[in-house]
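What follows is a single structure, written as structure tokens, with notes after it.
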Amino acid sequence: MRLFRALFPVLPNRKRLYLDLDGVLLVMLGREVAPARYAEDFLDFSLANFEVYWLVTHSQGDARPVLDRLGPATPATLRRKLARVRPARFHIEKTEVLAGDCYWLGARPLLMELSHLRQRHQGDRWFEVNTYVRPDDLLRALEYLRSVVACGDPPGASGVGGPRCEEAPAREPGSRMGDGRGSRVSGARGALGMGQAQEPAPSGTEAQP
């Protein structure tokens, strides 16, 4: 516990930021895992302004599985920054850990996760990022986080960020994740918007966010 606190000290009065990994900071280039565009710029700002956590199924209170996902294309400087992200732990839904002043950036939340955010009036705390489909999406995420830091609240549907969950119609992708937890969905901004589109990794090869 002392070692954990030394590596991840409590940062008072910081908003918490929860991140998915695949489709946010990492993408698949062929068979290789590679960092998404602008990953270092995004992490620089996030680590300076938020208490940042991994919110991924294969990292339950342990950041090592996340770091093991990094391919040889990941620069050493980026590896060091990724190692500063804290591991979060949840049992079934990622929304279990979302409480208080926090934000979640991810590509494909479950339908029931979006429903629970709406029920708790936290729908505006999820922001869709999908670097599989929009390779430059971390730039859009940076603008969203800058708005959060500047204004203290998430921007609305007409702001810099994506739509609130209440206003983002969830759509079935046509496949299930195979873990019994339901279907992952994309928000209303799932249309191709920036750069050259990149196909998402097939469900059998994509690590769960």
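Brief remarks on what is shown
- Test: residue in the range 136-153 that is at pLDDT 90 or above and either in contact with a Cys (Cβ under 8 Å, 6 or more places away or on another chain) or in a loop (DSSP other than H, G, I, E, B) (or both): yes
- Qualifying residue in the range 58-76 (condition: surrounded by 13 or more Cβ atoms within 10 Å (Cβ to Cβ), assigned to a strand (DSSP E or B) and either aromatic (Phe, Trp, Tyr) or out of contact with any Phe, Trp or Tyr (no Cβ under 8 Å at 6 or more places or on another chain) (or both)): no
- Taken over the range 82-117, the criterion of being assigned to a helix (DSSP H, G or I) and buried (at least 18 other Cβ atoms within 10 Å of the Cβ) is satisfied by Leu82, Lys94, Thr95, Glu113, Leu114, His116, Leu117.
- Test: residue in the range 60-78 that is modelled with pLDDT of 85 or more and in contact with a Ser or Thr (Cβ under 6 Å, 6 or more places away or on another chain): no
- Of all residues in the range 19-62, those satisfying the criterion of being under 14 Å from the mean Cα position of the chain (by Cα) and among the charged types (D, E, K, R) are Asp20, Asp22, Glu51.
- Scan the range 108-150 for residues that are over 16 Å from Lys15 (Cα atoms) and hydrophobic (A, V, I, L, M, F, W, C) and the total you get is 9.
- For the range 4-54, the set of residues classified as farther than 16 Å from Leu67 by Cβ, out of contact with any strand residue (DSSP E or B) (no Cβ under 6 Å at 6 or more places or on another chain), surrounded by fewer than 15 Cβ atoms within 10 Å (Cβ to Cβ) and at pLDDT below 95 consists of Arg5, Ala6, Pro9, Val10, Pro12, Asn13, Leu29, Gly30, Arg31, Glu32, listed by residue number.
The values are calculated or read from the model by the stated rules, or taken from the named source; none is laboratory data. Owing to the predicted nature of the structure, the values given are computational and were not obtained by experimental measurement. We place every Cβ from the backbone using ideal geometry, glycine too, and count neighbours over all the protein chains shown.
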